[in-house]
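Here, each number is a calculation from the coordinates, and none is a lab measurement. The shown structure was predicted, so the numbers you read here are calculated from the model rather than taken from an experiment. Every residue, glycine among them, receives a Cβ derived from its backbone with ideal geometry; neighbour counts consider all protein chains shown.
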Amino acid sequence: MPVFPADIFTEPQDVDPDTLANLGPLRRLAGTWQAEKGVDINPKADAPERRVFIEHIDMQPIDPQANGPQLFYGLRYHIHINTAEEQITFHDQVGYWLWEPATGLVLQTVAIPRGQVAIASGQAAADADKLVLTATRGQTEYGICSTAFLEYAFRTDAYRIEVDFNADGSWSYTTDTTLMVHGRNEPFAHRDQNTLRKIAEPQPNPWAAIIAAQKKPA
């Protein structure tokens with residue numbers, strides 16, 4: 001159980017405005033990424049379906065965020081996935097990756113436009129080569145919330161994401177989602193895997209960009 005301070009209102013005063021310099025392990029996620037050989041295993045009526053997908057991820061730094069004394073640095077992300085067979089969206093996802101330097105807490109917030117949100121948490125050192133975050137249905141801190149239909153038909157009981165930072169600058173992920181499909185007795189292991197390579201560098205966060213502009217000679 002984390003120990004929180006008695007003063008829950010006073011925000012830090014010595015905040016560095018440069019998010020990219022304070023992201024800890026998340027610095028290696030900053031930028032725009034692409035891959036064409038992701039693999040998705042998902043449940044269907046007859047049998048599990050395996051799909052190869054094309055993935056584009058944009059992760060841009062946000063200004064530092066405070067909950068009273070708690071301070072986060074983070075990235076706002078957008079994931080767009082389609083397949084070679086279809087140009088229409090196969091999967092869309094938005095959220096934040098957040099890092100708390102004081103404690104090593106790493107968070108990923110997940111929101112998908114089928115009526116589901118989650119907050120996954122983990123711990124990591126600033127120079128970590130691997131991140132592991134989890135969320136569990138029913139938890140009020142790091143949990144999963146879904147629509148009534150998804151709860152009925154495809155209930156998500158657990159979510160786990162593992163990120164590996166590779167020596168060549170790419171990064172790989174595996175997400176495992178435990179689903180209870182209506183009418184079936186055993187949980188379904190829904191898995192996605194991919195390795196992404198950078199196609200563009202990140203932009204500075206707004207506060208850092210303002211300060212940089214002010215320092216430019218007139």
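Provide the net charge surrounding ARG114, with neighbours chosen by a C-beta distance below 13 Å and charges set as Lys +1, Arg +1, Asp -1, Glu -1.
Combined, the nearby Lys, Arg, Asp and Glu give -2.
Can you work out ³J(HN,Hα) from phi for every residue in segment 139-146, in order, using Karplus 6.51 cos²θ - 1.76 cosθ + 1.60 and θ = phi - 60°, giving whole Hz and x for Gly and Pro?
With the stated coefficients, segment 139-146 comes to 7, 8, 9, 10, x, 10, 10, 9 Hz.
Give me the percent relative contact order of the chain, please, defined on Cα pairs under 8 angstrom at least 6 residues apart.
Once normalised by length, the contact order is 20 percent.
How many angstrom lie between the C-alpha centres of segment 1-52 and segment 80-150?
Their Cα centres are 7 Å away from one another.
How large are Rg and Dmax for the chain when calculated on the C-alpha trace, in angstrom?
Rg then Dmax for the chain, in Å: 18.9, 70.
Let me know the number of lysine pairs in the chain closer than 29 Å at the Cα, not counting same-chain pairs under 8 apart.
Lysine pairs meeting both conditions in the chain amount to 4.
What trypsin sites (Lys or Arg not before Pro) in segment 143-190 are in a loop by DSSP, with at most 13 other Cβ atoms within 10 Å of the Cβ?
Answer in residue order: ARG184.
Looking at the square roots a ≥ b ≥ c of the eigenvalues of the Cα gyration tensor of segment 143-218, which shape do they give, rounded for a/c under 1.5, prolate if a/b is larger than b/c, or oblate?
Judged from the Cα gyration tensor, segment 143-218 comes out oblate (a/c at least 1.5, b/c at or above a/b).
Please determine, in degrees from 0 to 90 and to the nearest 10, the orientation of helix 206-215 with respect to the longest principal axis defined by the Cα atoms of the chain, where the helix direction is its Cα long axis.
30
Once you put a point 7 Å from the Cα of ASN185 and another 7 Å from the Cα of ALA158, both along the Cβ direction, what distance in nm separates them?
2.1
Between THR140 and GLN13, what is the FRET efficiency for a Förster distance of 25 Å, r being their Cβ-Cβ separation, to the nearest 0.05?
That pair, THR140 with GLN13, gives E of 0.20.
Around SER146, what is the net charge, scoring Lys/Arg as +1 and Asp/Glu as -1 over all other residues with Cβ under 10 Å from its Cβ?
Local charge sum for SER146: +2.
How many nm separate the modelled label positions at ASP168 and VAL3, each set 7 Å beyond the Cα in the direction of the Cβ?
4.6
Taking the Cβ of ALA135 as the centre, find all other residues whose Cβ is under 12 Å away and add up their charges (Lys, Arg: +1; Asp, Glu: -1).
Residues near ALA135 contribute -1 overall.
Non-local amide H neighbours of ARG155 (under 5 Å, H modeled in plane, Pro and chain starts lacking H): which ones?
MET180, HIS182
What are the residues whose amide H is under 5 Å from the amide H of ASN205, where those residues sit 5 or more places off or on another chain and H is modelled from the backbone?
The list, which skips near neighbours in sequence, is THR19, LEU20.
Compute the distance in nm between two label points, each set 7 Å from the Cα along the Cα-to-Cβ direction, one at GLN203 and one at VAL39.
3.6
Can you list residues whose amide H is under 5 Å from GLN139's amide H, if they're 5+ apart or on another chain and H is modeled 1.01 Å from N?
Here the answer is ILE144, since their amide H atoms fall under 5 Å of that of GLN139.
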